[in-house]
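Here the structure comes first, spelled out in structure tokens, and everything after it is commentary.
The values are calculated or read from the model by the stated rules, or taken from the named source; none is laboratory data. Keep in mind it's a predicted model, so treat the numbers as computed, not measured. Virtual Cβ from ideal backbone geometry, glycine too; neighbours counted across all protein chains shown. Surface accessibility is based on the protein's heavy atoms, side chains included, excluding ligands, DNA and RNA. Shrake-Rupley method; radii C 1.70, N 1.55, O 1.52, S 1.80 Å.
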There are 2 protein chains.
Amino acid sequence: MKNPQMDSDKNQEVDTNLIQGDLNVDALNLNFRHKVKGEDLVIAVAQDHESSEVLMVAFMNRESLQKTLETGKAHYWSTSRQKPWFKGESSGHVQEVMEIFTDCDKDAVLLKVKQTGAACHEGYFSCFFREISPVTPNSDKKNRRYKLEIVKEKVFEPEKVYGEK
Amino acid sequence: MKNPQMDSDKNQEVDTNLIQGDLNVDALNLNFRHKVKGEDLVIAVAQDHESSEVLMVAFMNRESLQKTLETGKAHYWSTSRQKPWFKGESSGHVQEVMEIFTDCDKDAVLLKVKQTGAACHEGYFSCFFREISPVTPNSDKKNRRYKLEIVKEKVFEPEKVYGEK
């Protein structure tokens with residue numbers, strides 16, 4: 001049985017009753033509440049540990065979080081391929097994890113990472129390279145129309161890293 | 001019919017055929033692929049526009065994104081209450097949206113916000129106030145155990161903002 005205890009002096013929550021055979025991350029009692037194709041997941045946000053630029057958003061299951069903690073390299077769960085995803089396995093663009101946090105609901109984690117190369121498979125350092133901006137800035141807000149605009153520079157050419165399609 | 005065009009000189013994607021009656025955000029062709037209790041959602045990450053601290057992770061449906069763009073204040077979709085959620089409506093802790101980005105998959109948005117008060121209902125500026133850290137840092141990585149540790153200071157007392165339970 002899990003028995004999380006709150007030690008308010010030390011501001012720590014420690015599971016004192018870890019069952020042999022469980023994943024060690026189970027002691028954290030995270031809430032893998034996001035269900036995608038039958039998999040129980042937390043949302044994972046990766047942020048550059050120096051610039052604090054948000055690099056990407058993905059998902060982790062229990063095993064990928066365990067693997068991330070064990071290896072110090074970001075591992076996710078690919079919801080499209082429905083399998084574990086070691087970030088950078090094919091591109092070399094691994095993420096060295098410097099710190100990990102979780103939120104109040106414990107259904108999301110925040111990774112502060114040292115990014116090799118770039119996070120985005122499209123060649124940008126961050127996946128958030130498109131800004132949503134108004135087409136007609138001065139029109140009344142209710143009827144304003146919006147566009148996407150690429151606001152970052154590419155740092156590599158995807159064909160050179162992943163090969164031609 | 002939607003007819004997004006890529007103008008590579010200007011790095012802009014503009015939908016030139018917005019249908020009357022659609023939400024204006026539909027022109028962005030975001031991928032509301034995250035299904036929670038029948039609602040189609042994108043993940044939304046809010047980040048402090050000055051310090052770049054990641055404040056929270058939530059979801060938006062089409063209407064909440066539209067409302068966010070129209071009002072300049074962050075609106076989300078509450079997956080627990082299954083209704084629109086104007087952040088700060090009861091607490092006053094609104095988020096003024098300075099910039100919005102979307103990622104390569106267009107299934108997540110990143111909001112750079114000016115946060116009034118604090119983002120977290122538990123009284124912390126960011127919801128990511130707990131760090132995941134090893135209980136036994138020097139043990140071999142495979143058998144290491146982990147704990148959660150509160151690493152931030154509260155900026156308000158929730159009872160004073162939300163009232164006693």
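Couple of notes before you dig in:
- Directionally averaged shadow of the stretch B:31-162, computed from the convex hull of its alpha-carbon atoms, nm²: 10.2
- Residue pairs, from the table A:Lys147/B:Lys67; B:Lys67/B:Lys112; A:Lys112/A:Lys147; A:Lys152/B:Lys112; A:Lys73/A:Lys112; A:Lys35/A:Lys83, whose Cα atoms sit over 20 Å apart: A:Lys112/A:Lys147
- Cβ nearest the rotation axis (A onto B), residue from chain A and distance to the nearest whole Å: A:Ser52, 2
- Alpha carbon centroid spacing (whole Å) that separates the stretch A:112-165 from the stretch B:31-86: 19
- Under the criterion of Cα pairs below 8 Å and six or more residues apart, the relative contact order for chain A equals 16 percent.
- Within a Gaussian network of chain B (alpha carbon springs, distance under 10 Å), most fluctuating of B:Leu111, B:Leu28, B:Leu55: B:Leu28
- Chains B and A, summed buried accessible surface - 1.4 Å probe, Å², nearest 100: 5400
- Selected from A:Ile150, A:Ile100, A:Ile43 as most flexible by GNM, with chain A as the system and alpha-carbon contacts under 10 Å: A:Ile150
- Considering only beta bridges that DSSP places wholly inside the stretch B:31-162, some 80 percent are antiparallel.
- Max mean-square fluctuation residue, GNM over chain B, Cα-Cα springs under 10 Å, options B:Ala46, B:Ala119, B:Ala58: B:Ala58
- Phi-based couplings in Hz for the stretch A:52-67 (Karplus 6.51, -1.76, 1.60; Gly and Pro marked x): 6, 5, 6, 9, 6, 10, 8, 10, 10, 9, 4, 5, 6, 5, 4, 4
- Between copies, the label points at A:Lys160 (set 7 angstrom from Cα along Cα-to-Cβ) are spaced 5.6 nm, reported in nanometres from shortest to longest.
- Length available on full extension from B:Val155 to B:Glu99: 0.36 nm per residue minus the Cα-Cα distance, which gives 17.7 nm.
- Peptide A:92-103 has a mean shielding of 4, counted as Cβ atoms of other protein chains within 10 Å of each residue's Cβ.
- The portion of the accessible surface of the protein assembly as shown made up by carbon and sulfur, rounded to a whole percent, is 45 (1.4 Å probe; DNA, RNA and ligands excluded).
- Test item: B:119-130 mean partner chain Cβ contacts at 10 Å: 4
- Per residue value of the accessible surface for the protein assembly as shown (all protein chains in place, 1.4 Å probe), Å²: 50
- In nanometers and ordered shortest first, the copy-to-copy spacing of the B:Ser78 label point, defined 7 Å from Cα toward Cβ, is 3.8.
- Using the rule -39500 (n - 2.57) for each DSSP H run of four or more residues, divided by the residues of chain A, the 222 nm mean residue ellipticity is -2500 deg cm²/dmol.
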